[in-house]
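S.K.: Below you'll find the structure I mean.
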C-alpha cells in the first residue's frame, strides 16, 4: 500500500513512520525459526554480547531466501516507493541483520544515527518479529532530529546533542509491524526489563544513484532499474 500525502508529510517532518501493513504470520514464523537456528548454531558472521552470547546475525540476505523475500516484498517496497521513487536498492553493508534483544538487565543501546551526513541518507526499515513494548525495549527516537546538521558518530561528545537525547520517545510496535526511519534521525533501543527476548530484523534502502555507472556488489536492486543520468557521454 502506497503512502498517503499525509503519511509522507509526517515522515518528512518527524523522521519516522509506522507502516500500515503487517507481515503475514507464516512469514514471521519462518523468519523466527531461521534466526533461532542460526543463533543456536552460531553461524558466522555474528555479534556477541559481553557474556559471549550471540545477539545479532549479520548478512542475513545471504543466509536464507526468506530474508530477501521479506525485505523485497510489495508490503515494504510499495510504501518505500512513495518516498524513494520507483528505483530502489537494498544495502547489504548497512544493517542487513537480525537482532535478539536479551532478557532483563541489558542497558539502553546508545542513541545514534545510521548515517553521519544527509547528502546521501538511507531509509531504515525495522521488522518486528515479536511485539515491541516500552517494557521489552521498544525503539527510541528523537522526533525531527534528522533535520539537524551532520555530526560525528559519538553523540555524547556533541554538546548540542546532549539536550536532544533527553527528548527521545519510545515507539511501541505490534508483532509483524514495520517502522521506517530516516537514517539521519537520532534513535536507539530501550532496555529490556522483561524475562523474555525480543527479535527483529533491520534493512537499509536508498534510491538508485543515477550518477553512478558502476555495479556495486553491496547493493541489490529490489525494484525498478538502474538508469544512468550522467552527462559525460559514457552512455
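S.K.: Determine, for each peptide in 170-178, 183-191, 222-230, the mean count of other beta carbons within 10 angstrom over its residues, then list the peptides with the highest first.
M.R.: Working: 170-178: 18.4, 183-191: 22.2, 222-230: 13.9.
The densest-packed peptide leads the list: 183-191, 170-178, 222-230.
S.K.: What relative contact order, as a whole-number percentage, does the chain give when Cα pairs under 8 Å and 6 or more residues apart are counted?
M.R.: Values: 481 pairs, mean separation 70.2, N = 235.
Reported relative contact order: 30 percent.
S.K.: Listed highest first by mean packing, meaning other Cβ atoms within 10 Å per residue, what order do 61-68, 41-48 come in? Write down the numbers at each step before the final one.
M.R.: On the way: 61-68: 17.0, 41-48: 11.9.
By packing density, highest mean first, the sequence is 61-68, 41-48.
S.K.: Hey, how many Å between the Cα centroid of the range 1-40 and the Cα centroid of the range 191-235?
M.R.: 16 Å
S.K.: Take every Cα-Cα pair in the chain and report what % of them are more than 28 Å apart.
M.R.: Summing the P(r) tail past 28 Å for the chain gives 31 percent.
S.K.: Still on this structure, I have one more. Before rounding to the nearest 500, sum -39500 (n - 2.57) across all DSSP H runs of length at least 4 in the chain and divide by the residue total; then give [θ] at 222 nm in deg cm²/dmol. Don't jump to the answer; show the numbers that get you there.
M.R.: Values: 5 runs with 51 residues, N = 235.
Helix-only estimate at 222 nm: -6500 deg cm²/dmol.
Every number here is computed from the coordinates shown, using simple stated rules; none is lab data. Because the structure is predicted, anything quoted here is derived from the model rather than measured. All Cβ positions, glycine included, derive from the backbone under ideal geometry; neighbour counts span all protein chains shown.
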